[in-house]
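Inspection log for the structure reproduced underneath, given as structure tokens.
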Amino acid sequence: MNLSTEQLAELLAGIARAQQAIVDAVESENGGWKNTHMLPKVTSAANMRLATPRLIDVPSRILLRSQSRVPMDVPTIVRMLNEAVGAAAPAAAAPAAPVAAPAAAAPAAPVAAPVAAAAVVGAGVVAATAAESTPTAGNDDLSNFFDT
């Protein structure tokens, strides 16, 4: 039996719905259980620190997303599965490869200048704010504290 990526995504979505029913049942019996015990464990299992999921992270990420108001839909699961396996999306594979390579190399230098300028401006704002709102020794006047 061969499953397509879309069929596998539908299967994973159904499993997540069944798991969500169990989570809801336990949460209705023991209020606060989901936020206290379940979410930290699922977040750890989903390995959210990685930008691209590994194949082993996909079911946990689907379950974690089903805890929100909008669960993950099948096309999103298919996209995540393709990323986890390392395959490009079928429709965007051909045009994305030639366009992405030149675009990635070109904006590296221009982007660095605004970021550096923002860091200098941000450092000046922090220094000015610290100088204005720091009370002197023995003087606890905080009248200008809320002006910053």
Exercise. Can you name the condition, by its number, that Ala51 falls short on among (1) within 19 Å of Ala87 (Cα to Cα); (2) part of a helix (DSSP H, G or I); (3) small (Gly, Ala, Ser)?
Worked result: (2)
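Go through the stretch 15-31 residue by residue and tally those that are in a helix (DSSP H, G or I), more than 23 Å from the chain's Cα centre (by Cα) and either of a type in the set (S, T, N, Q) or closer than 20 Å to Val85 by Cβ (or both).
Looking only at that region, the number is 1.
Could you please give the count of residues in the stretch 44-58 that are open to solvent by 60 Å² or more (accessible area, probe 1.4 Å) and within 15 Å of the chain's Cα centre (by Cα)?
Total satisfying the criteria: 7.
Out of all the residues in the stretch 59-81, which are farther than 14 Å from Glu6 by Cα, aliphatic (A, V, I, L, M) and surrounded by 15 or more Cβ atoms within 10 Å (Cβ to Cβ)?
Ile62, Leu63, Leu64 - these are the residues of the stretch 59-81 that are farther than 14 Å from Glu6 by Cα, aliphatic (A, V, I, L, M) and surrounded by 15 or more Cβ atoms within 10 Å (Cβ to Cβ).
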Exercise. Of the numbered conditions (1) open to solvent by less than 90 Å² (accessible area, probe 1.4 Å); (2) part of a loop (DSSP other than H, G, I, E, B); (3) of a type in the set (Lys, Arg), Lys34 satisfies every one except a single condition; which is it?
Worked result: (2)
For this session: Quick one: in the stretch 54-90, of everything that is part of a loop (DSSP other than H, G, I, E, B) and among the hydrophobic types (A, V, I, L, M, F, W, C), which residue is nearest to Lys41 (Cα to Cα)?
Result: Ile56
Exercise. Are any residues in the stretch 1-14 open to solvent by 60 Å² or more (accessible area, probe 1.4 Å), free of Cβ contacts under 8 Å to residues at least 60 places away in the same chain and assigned to a helix (DSSP H, G or I), and if so, which ones?
Worked result: Gln7, Leu11
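The values are calculated or read from the model by the stated rules, or taken from the named source; none is laboratory data. Fair warning: this is a prediction, and the values are worked out from it, not measured in the lab. Methodologically, a virtual Cβ is constructed for each residue, glycine included, from the backbone with ideal geometry; neighbour enumeration extends over all protein chains shown. Please note that ligands, DNA and RNA were not included when accessible areas were found on the heavy atoms of the full protein model with its side chains. Shrake-Rupley method; radii C 1.70, N 1.55, O 1.52, S 1.80 Å.
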